[in-house]
Amino acid sequence: MDSNIRKLGILTSGGDSPGMNAAIRAAVRTSLYHGLEVYGIRRGYQGLIEGDISRMQSTDVSNIIQRGGTILKTARSKEFRTDEGMQKAYDQLQQHGIEGLILLGGDGTFRGAVSFFNKHTIPAVGVPCTIDKDLVGTDQTIGFDTAVNTAVWAIDKIRDTAEAHDRLFLVEVMGRDAGYIAIHSGIACGAEDILIPERTRTIEEVLDRIDSDERRKKTVHILVVAEHDELGGVKDLYPLVKEHFPLMDIRTCVLGHIQRGGSPSSADRVLASRLGHAAVNGLLRGQTQVMAGIVNGELVYTPFVNAVKQHSCIDEDMLEMIKVLAS
């Protein structure tokens with residue numbers, strides 16, 4: 001490896017996602033393999049500002065590949081958004097002699113990195129850890145597969161009770177401004193309708209779909225709703241549906257943070273291991289201010305500014321398929 005980096009820092013920032021620990025493990029052990037000193041920065045950018053930094057050894061990442069959450073903890077830092085906060089963070093890096101960073105997180109983490117590196121120069125490579133799958137430059141993000149499987153597990157159980165009572169269930173899943181969890185879990189569970197922020201729907205269209213199912217004597221209805229859909233979450237949607245179908249037995253269920261926790265799937269463990277390893281190798285080969293990702297099976301490095309510039313687009317074929325398969 002052609003690099004002058006001898007001390008490397010690793011942090012996890014923003015929302016946690018299943019597989020972060022697997023990525024930490026891969027990054028730490030790859031660094032040690034190349035003879036680097038590795039420092040774990042606890043609580044993300046806030047921990048960096050406060051100097052919550054300690055050296056890590058191989059044993060520190062033993063038996064964590066199967067664990068959810070992050071052993072380095074995570075936090076959202078308002079202070080890091082200020083010039084003073086960024087200066088404190090940079091001073092801590094200088095004080096500890098850290099010459100390169102591995103950043104595990106999502107959109108907010110990399111946006112913060114862009115602002116930081118516009119003011120302070122230090123090599124850094126990101127690892128896409130977010131259940132939302134809302135980054136450009138990788139086909140999958142770490143945690144997405146586990147989150148979808150968790151949602152499928154929950155919705156399958158909801159369908160059982162919905163069928164027993166002939167109920168309509170409005171199920172809200174996470175995803176912030178991205179509908180990928182809703183689409184994938186909805187398709188996998190045979191949902192009657194899926195509402196996502198990327199596809200504008202009127203309440204009349206939603207009600208017409210339910211009405212059509214009613215006319216066909218369909219007694220079970222599962223509507224999967226992305227949390228920031230145009231019509232709002234299930235709490236906003238419920239009174240609109242209930243007003244139109246006053247006699248229908250309607251229930252709501254917000255899956256919430258259950259989707260973030262739990263042991264990561266095998267797919268997320270492998271992806272995290274591959275990208276944690278690739279992030280360190282990329283940094284040592286001169287890559288900087290980029291995110292490691294997998295596109296069409298190949299390892300790629302995408303500049304932070306491009307990775308967060310826009311969300312990846314929803315496949316129109318999948319949107320069409322939802323209408324066909326739920327009919």
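The values are calculated or read from the model by the stated rules, or taken from the named source; none is laboratory data. Since the model is a prediction, treat every value here as computed from it, not as a measurement. No Cβ is skipped: glycine too gets one built from the backbone with ideal geometry, and neighbour counts run over all protein chains shown. Note: accessible area is taken over every heavy atom of the protein model, side chains too, but ligands, DNA and RNA are not part of it. Shrake-Rupley method; radii C 1.70, N 1.55, O 1.52, S 1.80 Å.
List every residue whose amide H lies under 5 Å from the amide H of Met56, counting only residues 5 or more places away in sequence or on a different chain, with H placed 1.01 Å from N in the peptide plane.
Under 5 Å from the amide H of Met56 lie the amide H atoms of Val38, Tyr39, Gly40, each far enough along the sequence or on another chain.
Leaving out ligands, DNA and RNA, and with a 1.4 Å probe, what % of the accessible surface on the stretch 1-132 is carbon or sulfur? Intermediate results must be reported in sequence, preceding the final value.
Numbers: 2220 of 5380 Å².
Summing carbon and sulfur atoms, their accessible area is 41 percent of the total for the stretch 1-132.
What are the membrane-span-like helices in the chain by this rule: whole DSSP H runs, Cα extent along the axis at least 24 Å, mean Kyte-Doolittle hydropathy at least 0.0? Can you show the working numbers first?
Values: long enough: 144-165 (31 Å, -0.13); 266-284 (28 Å, 0.48).
Qualifying helices: 266-284.
What net charge is computed for the residues neighbouring Ser58, neighbours being all others with C-beta under 11 Å from the C-beta of Ser58, Lys and Arg scored +1, Asp and Glu -1?
+1
List the residues, sorted by chain then number, that are 5 or more residues from Ser265 or on another chain and whose placed amide H is less than 5 Å from its amide H.
HN-HN under 5 Å from Ser265: Thr146.
Please name whichever of Val224, Pro239, Ala272 sits farthest to the positive end of the charge dipole of the stretch 224-327, dipole taken about the Cα centre and charges placed at Cβ: Lys and Arg +1, Asp and Glu -1.
Farthest towards the positive pole: Ala272.
Give me, ordered by chain and number, the residues 5 or more places off Arg199 or on other chains with an amide H under 5 Å from its own placed amide H.
none
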